[in-house]
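Please read the structure below before turning to the comments.
The values are calculated or read from the model by the stated rules, or taken from the named source; none is laboratory data. All of these numbers come straight from a predicted model, not from anything done at the bench. Counting neighbours? That spans all protein chains shown, and the Cβs are built from the backbone with ideal geometry, glycine included. These accessible areas exclude ligands, DNA and RNA; they are computed on the full protein's heavy atoms, side chains included. Shrake-Rupley method; radii C 1.70, N 1.55, O 1.52, S 1.80 Å.
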Amino acid sequence: MICRYFLSLLFGFIFFTIVSAQTAILPPGFAQLLLAEELDPTTMALTPDGRLFITEKNGRILIVENGILLTDPFLTLEVDNYNERGLSGIAIDPHFEDNGYIYVYYTVKNEDHNRISRFTADGNYVVPGSELILLDINQLNGTIHNAGSMAFGLDEKLYISVGDGANAPTAQSFNSLLGKVLRINSDGTIPADNPYYNTATGNYRAIYALGFRNSFSMAVQPGTGKIFATEVGNSTWEEVNDILPGTNYGWPIIEGPINGQTPPANYKEPVFAYRHDDGCAAVGATFYNPATNLFPAIYAGKFFFADYCDGYIKFMDPNVPGIAATFATEINRPLNLLTAPDGTMYYLARAGLGGGSEQDNTASNDGTLWRIFYSGSNAPFVSVNPQSVLISVGEDAHFFTAASGQQPLFYQWQKDGIDFPGADSADLIFQNAQLIDSGTLFRCIITNLNGADTTLSAVLHVTSNQRPTPEIITPVEGTTYRAGDVLQFSGHAIDPEQGLLSATSLKWKIDFHHNIHTHPGLIPTSGITEGEFTIPTTGETSSDVWYRIYLTATDTAGLSSTVFRDVFPVKSTFQINTIPQGLPVYVEGDYLVSPFTVTSVVGLTRTIEAVPSAVSGDSIYLFKNWLDGDTSFTRTFSVTDAPQIFTAVYESYPVGKGIGLQGHYYDSPDFDPTFYEPAAFTRIDSVVDFDWGQGSPSASLLGDDHWLVRWDGYIEPLFSGTYTFYVTSDDGARLWIGSEEIVDKWIPQPATEWSGTIDLAAGQQYPVYLEFYEEGGGAVCQFSWSSDRIGKSIVPRSQLFPESATSVDPVDQRTSLIALYPNPARDIFYLEVLQTNISIRSFEIQNALGRVVFQNSNPLSSDKIRIDMKEFPQGMYWLQYELNTGERGVMPLLKM
C-alpha cells in the first residue's frame, strides 16, 4: 500500500453502521455504478472474456463476472500481510485464452521478500499446484514501498514495478532489484535485449529502468506501447514517469522536476509532477484507448491517474508534458484505474474506517469497485443504495445514498413510502428509534432538472437489547514501551442481558500510530481475553509514534461497542557528524546533511550510511572511516537510553579545471556512418549526457536522423586505479581512451549500455575519443565512468579538457559576418553583425544538455544585440543563429 499521513477518526463507541461507499463527482453526462464492496483491494486486471480479477492485500483474488462479485475466491495465497506488504500486483497473459496464465506479485510469508509467480486458471478457479515461481526480489529493509504493479508491453514482455523496500540507496544499485522497473519473458527468463543484459549478471539483467521510490501503478498504451507509471514521492513531489529502457528516474538523488538539482547519469524528468499541497500519493494508471470509444473525444488517448489522499482522478495528454486536468473528485482513497474494451472505466477505492486509509494500511473491509460510463444524460443515477441496519432502542440509525447526475441534486427520503420531513440530503439520521419503528422501510428519491431516480429500500431493525460495555484492564493508563518489549493486554466486557461475555465475543486490535495516520500492529484477533504483542525493533523510524489497543465486544444480538488505550514510547537521540561538516549521510534512505540529531524510539534498530564520495566546492571527499575506526559505509545499531554520536571521516582531493570535450557534429543525409569534413558545427560539450528523443542537437543543421558526432579531447582521472567506462548509445558508438579501444558497437541498436576497463594514473591527462552515429528513431549518447573509489556517474566536466592544457577558456567567437563577445562572461554577452546588408534573422541558446534556454525567432533590426544571462547557471552554452542570407552557424559561449 502507500505510506502517507492521514487524518485519524477514532470512535470510543460505535452506535450505528456507516456505509463506506462514497460517490465521486464526475463531469456532466457521466455516471458510476457500485459493483462490489467490503473489499480489501490492491489492484485489478481484465481478462479477454470480460471477467475482472481483483487482488486483495490479504492474499485473495476475487472475480467479478457479468457485474456480480463471485462468492468463491479464484485463489487464496499465504502472504505476509503487514503494513504495505501483501498481494500487490496482477497481470493477464497476452495469450490467456489459449494458456490461462495469470501473474501475481506478493510478499512471501516469513521470507521478507516479494515474489512474481505464474498460475494457471481453469474457469473461475486456479489449477491446484500450478504456481511457477518466476522471480524472487531482494530482501526488504522495511514494510513500506512495496510497489508491485505489473503489465505486459506490446512486445509481450512482462514489466514489473518494484519499490525500494524502505532502503533508498538500492534504487541506484545494480546489485539489487529494489527501486527498479524490471522486464522479463513470460516464462521468467530475461530478454537478451534488456538495456543492462550485457553489463549486469544473473537476475540483475532484468533491470529495465532504475531510480524509483515506490512506483505504485503502471499502464501500457495500446497502439503505441508507451509505458507511464506513477511514483509515490517522499517529502515534496509526486510524479508521473515515462518509462524508457536504461533510464534513471533519480530517487533518492533527485525528486520531482530537476529545478537545479544535480541528476544522476541517464536521468529523465517526470512528464508530470505535483507538490504535496495538491495531493500526497500518485496512484492508479490507465490510458483511455479502448476498442470502443464511449467517452467524449476530449478523453481519447489520454492518460488517467489518481491521488490517494486528495481523492481525485486527473487526465493528461501523454505527448504534452506538465499539464493535467481534473476528471473526478471526492473519491474515498482511489487506488487503481482500468479501461475496459467497451469504453467504460473501472476504479478501486480502498476507503474505510479501521482499514486501509485513515486507520491503517494492512486490512480493510471497506474497499469498493466502481464502473464509470458515459450516457450523455444528466438525469440522476443511483450509484449506492442505502443498507439495512440493526440498532438498540433509543439509538440513532444512519442511512446513506449516492448518485451521479447534473448538480444540483435534490434528495427526498421516504419512510414506508411517505416523504420524511426535513430528510433532504444524501444522509438520513433517524433519531431515537423505538421498537415500534423496527421493520420500517427507508428509501430516497433523487431528482434534478433532467429527471429522477429512486433507491432500493433499506430496513431498520430495532432491538430492546443494549450494547455491551468492554473494559481494557492491562496495560494500565500511562504504560510506556521500548522497541523489542512484549506488550501484555487483557480485558473483559459486561452485557446488560448476558452478563460477563465469553472470550468468543471479544475482538482485539492494535494499531501503530504514526503522526496522523496508522499502520497495523496486531490484526483483528477474536476469542481471547488476554494476549501479548512483541513490539518490532524495525519498521517505522519516526519518533512521533504510539500504539493504540482496541477492544470490541459483540453480543448475541449483534450489537457491539469499542474502547481503546494508548501506549507511548520511551525516546532518545543519536547525532551524525562528518569531518569536514556539511557532507551528506543516509539515515534509512533519507538524504541528510551533517551535522544533525535524530530523535528515536529506544530499542529501535537504525541504519546509517556514509556516502562513498561527495563533491563540495573545488574538492571531492572520499569516505575513510568512522571516528571509532569502523571502515564499513553502513552502520546498524540499536538506539540506547543514553544519547549516541557517530562521526564519518572523509579525505579531500582537488577536482580538475576542465570545461568539457570538443564536439564535432556532422550531417549524413544518405546515412553513410562516415565522417566527412567539414563539420556542420563544432561546440564544447561540458558533459556527454544526451537524450535527444526523436530529434537532434539542431534540426536545421542536422535534421532529425542520419547524423554523427565526434567528441575529442583529454580526460584526467581523479585517482589512480582501474576505471570502467560506459557508453549508452542509440545507435552506434566507439570509444578510445589513450590508445586502447574500450567500446566498439558501431551498429543500429536501442539505447544500450556497453563498457570496458583500463588502468589510469591520477593527475595524468589521457586522450579521449568518442564517436556516435544516429540512424533513426531515438537518439541517446551518454559517457560514464566508475572505479573502486568513484560510484558510477557521468564523467564530470571538471575532468574533461578539449586541449592538452589543464584548463581551456573559450575566446571571443568571430566570423567574417558576426562576433560574440566577451566570451567567457559573467552576465552579459553581445552578438554583433560585422557587415552591412547582413542581419540576424533568429537565434537560440542551448544549455549543455541540448535544451533550449533562450529563443528569439523575430528578425532583429539592431546590428548589436545584448544577451542578458544573469538568470542562467554557470556552464557551457552554445548559440545557434540564422542570418537573412540563409547561412546558419553555432558558437560556443561560457558563462562564468
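Yes/no per residue for (1) at pLDDT 95 or above; (2) open to solvent by less than 30 Å² (accessible area, probe 1.4 Å); (3) farther than 26 Å from residue 179 by Cα; (4) not in a strand (DSSP E or B):
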site	(1), (2), (3), (4)
58	no, no, no, yes
64	yes, yes, yes, no
102	yes, yes, no, no
110	no, no, no, yes
116	yes, yes, no, no
119	yes, yes, no, no
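Restricted to the stretch 672-710, and to residues that are under 31 Å from the mean Cα position of the chain (by Cα) and of a type in the set (Val, Ile, Thr), which residue is most open to solvent (accessible area, probe 1.4 Å)? The extreme case among them is 687. Applying the condition of being part of a strand (DSSP E or B), over 21 Å from residue 244 (Cβ atoms) and hydroxyl-bearing (Ser, Thr, Tyr) to the stretch 711-734 and asking which residue is least open to solvent (accessible area, probe 1.4 Å) yields 723. Please tell me if residue 780 is touching an Asp or Glu at 6+ places or on another chain (Cβ under 6 Å), modelled with pLDDT of 90 or more and not aromatic (Phe, Trp, Tyr). Judged against the criteria, residue 780 is a match. Scanning the stretch 654-671 for residues that are open to solvent by less than 20 Å² (accessible area, probe 1.4 Å) and among the hydrophobic types (A, V, I, L, M, F, W, C) gives 659, 661.
Scanning the stretch 556-590 for residues that are of a type outside the set (S, T, N, Q), within 30 Å of residue 468 (Cβ to Cβ) and open to solvent by 10 Å² or more (accessible area, probe 1.4 Å) turns up 557, 558, 563, 564, 565, 566, 568. The set of residues in the stretch 207-235 that are more than 22 Å from residue 336 (Cα to Cα), open to solvent by 10 Å² or more (accessible area, probe 1.4 Å) and either among the hydrophobic types (A, V, I, L, M, F, W, C) or at pLDDT below 95 (or both) contains only 235.
For the stretch 631-653, enumerate the residues that are of a type outside the set (Ser, Thr, Tyr), open to solvent by 50 Å² or more (accessible area, probe 1.4 Å) and outside any strand (DSSP E or B). Of everything in the stretch 631-653, those that are of a type outside the set (Ser, Thr, Tyr), open to solvent by 50 Å² or more (accessible area, probe 1.4 Å) and outside any strand (DSSP E or B) turn out to be 633, 641, 642, 643. Annotation: of all residues in the stretch 834-848 being free of Cβ contacts under 8 Å to residues at least 40 places away in the same chain and within 20 Å of residue 700 (Cα to Cα), the one that is least open to solvent (accessible area, probe 1.4 Å) is 843. A single member of 173, 149 is open to solvent by 30 Å² or more (accessible area, probe 1.4 Å), of a type in the set (Gly, Ala, Ser) and closer than 25 Å to residue 269 by Cβ, and it is 173.
Among the residues making up the stretch 751-782, those that are in contact (Cβ under 8 Å) with a residue 60 or more places away in the chain and not hydrophobic (A, V, I, L, M, F, W, C) are 752, 753, 755, 771, 773, 774, 775, 776, 777, 778, 782. Residues in the stretch 453-490 that are small (Gly, Ala, Ser) and assigned to a strand (DSSP E or B): how many? So the count comes out to 2.
Of the residues 462, 486, 476, the single one that is in contact with an Asp or Glu (Cβ under 8 Å, 6 or more places away or on another chain) and surrounded by fewer than 13 Cβ atoms within 10 Å (Cβ to Cβ) is 486. Based on this model, can you work out whether residue 95 counts as open to solvent by less than 30 Å² (accessible area, probe 1.4 Å) and under 29 Å from residue 63 (Cα atoms)? In short, no. Among the residues of the stretch 491-532, write down those that are touching a strand residue (DSSP E or B) at 6+ places or on another chain (Cβ under 9 Å), in a strand (DSSP E or B) and surrounded by fewer than 18 Cβ atoms within 10 Å (Cβ to Cβ). Scanning the stretch 491-532 gives 494, 500, 523, 524, 525, 526, 530, 531, 532. Among the residues making up the stretch 380-407, those that are hydroxyl-bearing (Ser, Thr, Tyr) and assigned to a strand (DSSP E or B) are 383, 392, 404. Among the numbered conditions (1) touching a Lys or Arg at 6+ places or on another chain (Cβ under 8 Å); (2) open to solvent by 30 Å² or more (accessible area, probe 1.4 Å), the only one that residue 450 does not meet is (1). Against the test of being surrounded by 22 or more Cβ atoms within 10 Å (Cβ to Cβ) and among the aliphatic types (A, V, I, L, M), the options 132, 154, 182 yield a single qualifying residue, 182. Residues that are at pLDDT below 95, assigned to a loop (DSSP other than H, G, I, E, B) and either buried (at least 19 other Cβ atoms within 10 Å of the Cβ) or touching a Lys or Arg at 6+ places or on another chain (Cβ under 7 Å) (or both) do occur in the stretch 591-602, at least one of them.
Just one of the listed residues (739, 787, 816, 804) is exposed (fewer than 14 other Cβ atoms within 10 Å of the Cβ), of a type in the set (Ser, Thr, Tyr), in contact with a Phe, Trp or Tyr (Cβ under 7 Å, 6 or more places away or on another chain) and modelled with pLDDT under 90, and it is 804. Among the numbered conditions (1) open to solvent by 50 Å² or more (accessible area, probe 1.4 Å); (2) touching a strand residue (DSSP E or B) at 6+ places or on another chain (Cβ under 7 Å), the only one that residue 297 does not meet is (2).
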